[in-house]
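A.B. asks: I'd like to ask you about the structure that follows.
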Amino acid sequence: MAAEPLQRERRLTRRPHGGRARRNLPYGGPEIFPDEAPWILMYHSVDAYRSDPYQVTVTPERFARQMAWLSSRGLRGVALDELLRAHAVGRSAGLVGLTFDDGYADLPREVLPVLERFGFTATAYVVVGRLGEHNVWDRGPRKRLLSRDQVLGLVGSRVEIGSHGLLHRSLPSLTDQELLQETRDSREQLEDLVGRRVTGFCYPYGALDRRVVEAVRASGYGYATAIAHSPLTGRWALPRSYVGERDNGWRLRAKQARHRMRGLRCRTDEERAR
């Protein structure tokens, strides 16, 4: 029954002759932030490990200390949907976005209990076409991905579910049809699974260009996360700070300052280009 309203909404929002309609979402504001973009942390896996050549894993002990550091500074980690709603009405002070790319199976076991301990929320971006499989896009050690049942178990918890594409492919090199599969089709498949609207998208590898950003917007998402600041920084290309095992409180504080400096530099460059 939960999927029926979503199907009805798709019928109402599709344009004739193959066009795609954007959905109005309650984030407000322009596409490009006139002020500082919110601070967002980018995680991947939280688990014990022996080898991690791509540095995508943080141990549970380190992750708990990082969340404790945020809490000790009066900061609260939140899902991106919550962060952008607060930002739209000027109430995002003290909020930090928490995101987890790829949808690793350790999230319910290692991340969710820590979020509950501190009263935090977070966003997990899953690769809907590879649920229950492994991170085949990496050459390094194989890590199990969330299964369909595990994703369903996160619905209604402290975790917002977003899309990380259909198969975790770099988007700028894809054909228009392949790009549509990775953006719109992945959203629809994920919504069919969770029975609720999926508003967030995360660019695999952080790879994007103007064509890709427009495809994500047109596919019905309300926001998208990237990695670096760029001329495209805005609601559909939100910059994030990578977090790894080495990041203690001092390094996190430095990354927060760097986020602010890079945002200021981008705005200055935009003003000079006008």
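A.B. asks: Test of understanding: among Ala79, Ala88, which residue is within 28 Å of Arg235 (Cα to Cα), crowded, with 19+ Cβ neighbours inside 10 Å and touching a residue at least 12 places away in the same chain (Cβ under 8 Å)?
C.D. replies: Going through Ala79, Ala88 in turn, the sole match is Ala79.
A.B. asks: Would you point out which residue out of Arg148, Arg158, Arg117 is farther than 26 Å from Leu75 by Cβ and of a type in the set (Lys, Arg)?
C.D. replies: Arg148
Listed here are the residues, each with its yes/no results for (1) modelled with pLDDT of 95 or more; (2) surrounded by fewer than 19 Cβ atoms within 10 Å (Cβ to Cβ); (3) not charged (D, E, K, R).
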| site | (1), (2), (3) |
| --- | --- |
| Gly129 | yes, yes, yes |
| Gly132 | yes, yes, yes |
| Arg144 | yes, yes, no |
| Leu152 | yes, yes, yes |
| Glu160 | yes, no, no |
| His164 | yes, no, yes |
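Here's the yes/no breakdown for (1) polar (S, T, N, Q); (2) in a helix (DSSP H, G or I); (3) modelled with pLDDT of 95 or more:
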residue	(1), (2), (3)
Arg22	no, no, no
Glu31	no, no, no
Ser51	yes, no, no
Ala64	no, yes, yes
Ser71	yes, yes, yes
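A.B. asks: Right, another one. Could you grab me the full set of residues in the stretch 219-274 that are among the polar types (S, T, N, Q), surrounded by fewer than 14 Cβ atoms within 10 Å (Cβ to Cβ) and modelled with pLDDT of 95 or more?
C.D. replies: Asn248 - this is the single residue of the stretch 219-274 that is among the polar types (S, T, N, Q), surrounded by fewer than 14 Cβ atoms within 10 Å (Cβ to Cβ) and modelled with pLDDT of 95 or more.
A.B. asks: Can you tell me which residue among Tyr54, Tyr43 is out of contact with any Lys or Arg (no Cβ under 9 Å at 6 or more places or on another chain) and touching a residue at least 60 places away in the same chain (Cβ under 8 Å)?
C.D. replies: Going through Tyr54, Tyr43 in turn, the sole match is Tyr43.
A.B. asks: Can you find, within the stretch 192-218, the residue that is surrounded by the fewest Cβ atoms within 10 Å (Cβ to Cβ) among those that are assigned to a loop (DSSP other than H, G, I, E, B) and aliphatic (A, V, I, L, M)?
C.D. replies: Among residues in the stretch 192-218 that are assigned to a loop (DSSP other than H, G, I, E, B) and aliphatic (A, V, I, L, M), the one surrounded by the fewest Cβ atoms within 10 Å (Cβ to Cβ) is Ala207.
A.B. asks: Given the residues Glu160, Glu188, which is the only one that is within 14 Å of the chain's Cα centre (by Cα) and among the acidic types (Asp, Glu)?
C.D. replies: Checking each option against the conditions leaves just Glu160.
A.B. asks: Looking only at the stretch 73-94, count how many residues are aliphatic (A, V, I, L, M), touching a strand residue (DSSP E or B) at 6+ places or on another chain (Cβ under 9 Å) and not in a helix (DSSP H, G or I).
C.D. replies: 3
A.B. asks: Here's a follow-up. Within the stretch 53-62, work out how many residues are outside any helix (DSSP H, G or I) and over 19 Å from Cys202 (Cα atoms).
C.D. replies: Here the count works out to 3.
A.B. asks: Restricting attention to the stretch 91-118, which residues are touching a residue at least 60 places away in the same chain (Cβ under 8 Å) and under 15 Å from the mean Cα position of the chain (by Cα)?
C.D. replies: Passing the criteria: Gly97, Thr99, Asp101, Asp102, Gly103, Tyr104, Leu107.
A.B. asks: Taking Arg184, is it over 16 Å from Met42 (Cα atoms), at pLDDT below 95 and not polar (S, T, N, Q)?
C.D. replies: So Arg184 fails the test.
A.B. asks: What pairs come up if the first residue lies in the stretch 132-148 and is under 13 Å from Pro53 (Cα atoms), the second is of a type in the set (Gly, Ala, Ser) and assigned to a loop (DSSP other than H, G, I, E, B), and their beta carbons are under 9 Å apart, counting only those six or more places apart or on different chains?
C.D. replies: Cβ pairs passing all conditions: Gly140/Ser51; Pro141/Ser51; Lys143/Ala105.
The values are calculated or read from the model by the stated rules, or taken from the named source; none is laboratory data. Predicted, not measured: the structure shown is a model, and the values here were computed from it. All Cβ positions, even for glycine, are placed from backbone atoms using ideal geometry, and neighbour counts span all protein chains on display.
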